[in-house]
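Notes follow the structure.
Every read-out reported here was derived from the displayed coordinates using simple, explicitly stated rules and does not represent laboratory data. Note that the coordinates shown come from a computational prediction; the quantities given were computed from them, not determined experimentally. No Cβ is skipped: glycine too gets one built from the backbone with ideal geometry, and neighbour counts run over all protein chains shown.
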């Protein structure tokens with residue numbers, strides 16, 4: 001119980017710090033140019049257009065990354081929107097099927113097939129093996145549910161191995 005409370009509090013502190021640090025670059029647009037890092041720069045440098053493009057081109061995306069990047073560590077969001085997290089939005093409306101994608105060779109090709117009676121799709125990447133052969137292999141794996149027993153075991157071992 002205490003461990004869960006510590007994790008929850010730590011998570012919210014982490015998220016809050018990311019948001020605060022992510023918003024920090026916005027101060028450079030609201031406060032006089034004698035603020036922060038800019039106060040140590042010469043007037044010639046501050047008037048240099050190329051330097052300003054580089055400086056603001058660095059702090060704006062960096063701030064945005066910190067502002068929203070912490071969200072990727074949320075298990076709840078990752079589990080509810082796995083395709084968004086993995087960057088495969090074109091699969092978000094896929095039928096409940098088994099999808100294998102050979103990421104390393106041809107990222108645009110995939111095959112789909114059914115794995116048990118699951119309503120959720122199972123996404124698997126395959127490299128160095130024919131897609132149809134990989135689909136048939138996963139389909140034949142033991143297990144009554146969407147994820148085969150062997151993959152559940154590998155997942156558990158990879159999470160809790162010391």
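Could you tell me the calculated FRET efficiency between residue 159 and residue 64, based on Cβ-Cβ distance and R0 = 25 angstrom, to the nearest 0.05?
0.25
At a Förster radius of 35 Å, what calculated FRET efficiency corresponds to the Cβ-Cβ distance of residue 144 and residue 4, to the nearest 0.05?
E between residue 144 and residue 4, to the nearest 0.05, is 0.70.
Sort the following peptides by mean Cβ neighbour count (other Cβ atoms within 10 Å, averaged over residues), highest first: 59-66, 2-9.
Result, highest mean first: 59-66, 2-9.
Assuming 0.36 nm per residue, please report the length gained on full extension of the stretch residue 133 to residue 53 beyond their Cα-Cα distance.
Full-extension gain reported as 23.7 nm.
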